[in-house]
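The values are calculated or read from the model by the stated rules, or taken from the named source; none is laboratory data. Quick caveat: nothing in here was measured; it's all calculated off a predicted structure. As a convention, Cβ positions derive from the backbone with ideal geometry for all residues, glycine included, and neighbour counts pool all protein chains shown. What goes into the accessible areas is simple: the full protein's heavy atoms, side chains included, and nothing from ligands, DNA or RNA. Shrake-Rupley method; radii C 1.70, N 1.55, O 1.52, S 1.80 Å.
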Amino acid sequence: MDSELMEWTGMERALAKTAMPVAGAQYPGVRDYRRRRWLRVKGREGRANCLHVMSRIVDGLPFFGEEDKDALVVMLFRMAKFCRVKVLTYCVMGNHFHALIEVPDGEKIRCHFRDREKGWERLYSHLGCLYSKAYVAGLKRKVSSLLEGGRLEEVEEIREAFLKRMGDVSRFVWELKERFTKWFNKTHGRRGTLWQGRFKSVLVEGCERSQDDDGGYSQALRTMASYIDLNPVRAGLVEDPAEYRWCGYAAALAGQRRARRGLCQVMGAGTDCWDEAGVAVSYRTLLESHGLGRDSCEEAASEDSLSDLAAKSVPALTRGFAIGEKGFVKEVFGEYREHFGRKRRAGPRELGEGRLYTLRKTRGAP
């Protein structure tokens, strides 16, 4: 059991070496014109952050087969459960993956596990979602031994090493990619890096400004979710995302509760209202409005409406810094104004004739 604990310590040291230079880093995307490099800036503190994260493998070749995609989906949800991240929808392609996630306020999560009476018991129970029973039992014995010896500082160091991995999108994606790389290389007998650089992410307006005129959640969240689920259709792999089992929509139709709960949140319904609230029908209508079932791409591009943003504004959805209503984007721009060029006067850039704006000018914007 000591060897398992030593292995855990080595992993924590590796994680510590990859810590972001800015405390509480949440997402990249802003260019610092003074240092001429891309920064990872911290998220909006004291609230949940919704982000679209994506990462591509080296050379862009379609390495992933069916077994590989299944394994990545399993690891995605296991790591999300451990990091207390909620997956709203996802899509695993042959050479990259997308995930729309909600990252909660990390400090609230840590307070839950720092309780004097039940903190450690909650942590032991939570570690079971990622570690074996033997490992958790060995950790219990290790902590008990340290407490008996009065080595309280070492006990807190062990706890904080786990807690700093929760509520942090950078740690979540990094460890997901690292674990999958080890599995993939061992399975296919290869060596070396698998992923092409660091992941990309876009801050998406979530629930803080969620109530639209129709009573649903933010238009940005719905647009981003449909863009992700329509990836296999745009790639020409299938004609309907329901036929592609490695996306959130197909998983929800297959009856997976975790996928249904995510899409229910996207559509502004209760977590278990897939059929009762008509989420299945409303989300299908949303997908169709974003180009599903059109005779040609030209027909979809010919219409200049908010419903076609997912097809026309791909740069904003994948390489932008933030996307949402004008007020949301303006607030984010105000928080990170110092990271933009001095000549930048306004933050929000309109996407189409609708209500969506982006913080970064894209070629997809009119």
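Annotations
- Surface share of carbon and sulfur [accessible, 1.4 angstrom probe, percent] for the stretch 104-205: 48 percent
- Long-range HN-HN contacts of M93 with modeled amide H, under 5 Å: H98
- Most to least packed among 80-91, 124-135, 249-260 [average Cβ atoms within 10 Å]: 80-91, 249-260, 124-135
- Extended-chain gain in nm, criterion 0.36 nm per residue less alpha-carbon gap, R141 and T285: 46.4 nm
- Listed pairs K142/K164; K133/K200; K200/K343; K177/K343 exceeding 29 Å between Cα atoms: K133/K200; K177/K343
- Fully extended contour minus Cα-Cα distance, from E66 to D105, at 0.36 nm per residue: 10.6 nm
- Remark on L88: its backbone amide H falls under 5 Å from those of L100, I101, E102, a criterion applied only to residues 5 or more positions apart or on other chains, H modelled at 1.01 Å from N.
- In this structure the stretch 129-183 gives 48 Å² per residue of accessible area when probed at 1.4 Å with all protein chains present.
- When D115, D105 are compared by accessible area at a 1.4 angstrom probe, the order from most to least is D115, D105.
- Of the peptides 221-234, 191-204, the ranking by mean beta-carbon count within 10 Å, highest at the top, reads 221-234, 191-204.
- When all protein chains stay in place and ligands, DNA and RNA are ignored, the 1.4 Å accessible-area order of D168, D272, D59, largest first, is D59, D272, D168.
- Across the protein chains, with a 1.4 Å probe defining accessible surface, the residues L100, L147 rank L147, L100 from largest area downward.
- Rounded to the nearest 20 debye, the dipole magnitude of the stretch 70-169 is 280 debye, with +1 charges on Lys and Arg beta carbons, -1 on Asp and Glu beta carbons, and the Cα centre as origin.
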